[in-house]
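Inspection log for the structure reproduced underneath, given as structure tokens.
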Amino acid sequence: MENPSKSPTLVELAERILKDAKIIEGAVGKSPTFQEDTLKDLPQEFESTRKALVDSIETIGALVQGSDGLTGRIYGPLYKGSDLTVLEVLYHFRIPQAVPLEGSISYGELAEKCNADAVQLMRVLHLAMTNHLFWEPKKGFIAHTADSRLLATDEAAFNSVGMSISENQPALHSLAKAMKRWPGSQEPNQTAHALANETELPFYKFLQSHPERLKLFNARMKTLAKGSGSENIRNIVQGYPWQLIEKGTVVDVGGAGGHLSIALAKKYPEMKFIVEDLAIDKSQLTSDLEDRVSFIQHDFFKPQPVKDADVYLLSLILHNWPDKYSVEILRALVPALKPGARVLVSERLIPEPGEVPNSEMKEFYTSDIVMMTLMNAKSHTIEDMKELFGRADGRLKFTKAYGVEGSWRKICEAVWTP
């Protein structure tokens, strides 16, 4: 966070907002409304401008709110719990699906369709409307906005809300208790999530024993993958100098269905790939790549079975584990490494303070807190990654963090130097 005594003035912020708003509106050709989200088509090169605009708007809003009072910076967030309660009601009564996609519906008719009390439903929806979910075209009737229509038509997005309600929120409310009970714990079952659910199971094993909640979690991952999944593939394919490997072999550790290896194999026709995971899933593999992309079963906590490969790639693996176990995952590679072998860890790293706007830093820190509540895992900085390599084995020498310019999805490289 920037020095609080050096905040820009309200006029300076307003001028920034006007400048960036003109750029964004010019890029999409039409200003977004709450009925049409034109920014979903914003070209990638304007993403940094959009983030700067969001940060300026949030900053000027926070300054105008002041510190004290029910809507001030201190007490205001306490009332946002009501917004989460509204989403919970929308989810459990499936209200978005009950509102017609075109036209409107009366509160009475909607309450009958949802098996809810009309007066209570109206009160909940009034608060929802302050967050641009639904609107009243005339008194006593409601209709969709762009956001509520998305929840009505995209089941993955709708179930993503359900996952946050069932897993994230109860765990977040139990974080203080978990910190008191297990200070500094590195065990994946000594978590706020475990306390909230009165279980001794780690997060993923708990979900496996609750199929309906696993379904919601998978929906959440699908929703996140719409943006972050393609960004991760793009960053790995374009953000690392794979031409240095030439005709080498890459082991994709914990590679699931091999989507990264398949993308790389398409671009680098002389490289071979071995995808490892607990279960083999070849559903994405096409016949033209079968001679260069293979699959084997492997638990990445056990010694690496593929010896003398050129690269061992771990993408979005370590951020799911406490550091104690991340070190074990890296250490399990050591017996297989030949001199000069590269270990690549792809993660969304936390920037240093001041490197990105405050609103974006909040996203990084929020994700980090969620990982702590669910699994005692964490998001890492570059310095964290250097430390993990060193703890695994001093002969794993960190060299550089690669990546596409403007992305904080980095590929941290360590070279085996015996």
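Once the Cβ-Cβ distance of Q97 and D308 is raised to the sixth power relative to R0 = 60 Å, the FRET efficiency obtained is 0.65. Taking 32 Å as the limit for the C-alpha separation, the pairs K51/K138; K266/K397; K139/K362; K247/K410 exceed it in the case of K51/K138; K139/K362. Across the options V28, L278, S166, the greatest Cα extent toward the positive end of the charge dipole of the chain (unit charges at beta carbon of Lys, Arg, Asp, Glu) belongs to L278.
When the convex hull of its Cα atoms is viewed from all sides, the chain shows a mean projected area of 24.0 nm². The value given for region 74-153 is a Kirkwood hydrodynamic radius of 12.6 Å, derived from the mean inverse Cα-Cα separation. Among the GluC sites (Glu not before Pro) found in region 58-107, those both in a DSSP coil and sparsely packed, with 12 or fewer other Cβ atoms within 10 Å of their Cβ, are E102.
Within a 10 angstrom radius of the beta carbon, how do H210, H380, H193 rank from fewest other beta carbons to most?
Values: H210 16, H380 23, H193 28.
Taking fewest neighbouring Cβ atoms as first place, the list is H210, H380, H193.
Taken about its Cα centre, the chain carries a charge dipole of about 500 debye when Lys and Arg each add +1 at the Cβ and Asp and Glu each add -1 at the Cβ.
Dividing the summed helix terms, -39500 (n - 2.57) for each DSSP H run of n ≥ 4, by the number of residues in the chain produces a 222 nm estimate of -13500 deg cm²/dmol to the nearest 500.
With the highest mean first, a sort of the peptides 409-417, 136-144 on other beta-carbon atoms found within 10 angstrom per residue produces 409-417, 136-144. Evaluated over region 164-225, the count of Lys pairs having alpha-carbon atoms less than 26 Å apart is 4 (only pairs 8 or more residues apart or interchain).
Under the 0.36 nm per residue contour assumption, what length would be gained going from the current alpha-carbon distance of E36 and T249 to full extension?
Details: separation 213, 0.36 × 213 = 76.68 nm, distance 4.70 nm.
Taking E36 through T249 to full extension adds about 72.0 nm, to one decimal.
Computed from the C-alpha gyration tensor, the three semi-axes of the ellipsoid equivalent to region 164-225 are 22, 12, 10 Å, from longest to shortest.
None of the figures in this text is laboratory data; all of them are computed from the coordinates on show. In this text, all values refer to a predicted model and were calculated from it rather than measured experimentally. Cβ coordinates were reconstructed from backbone atoms using ideal geometry, including for glycine residues, and neighbour counts include every protein chain displayed.
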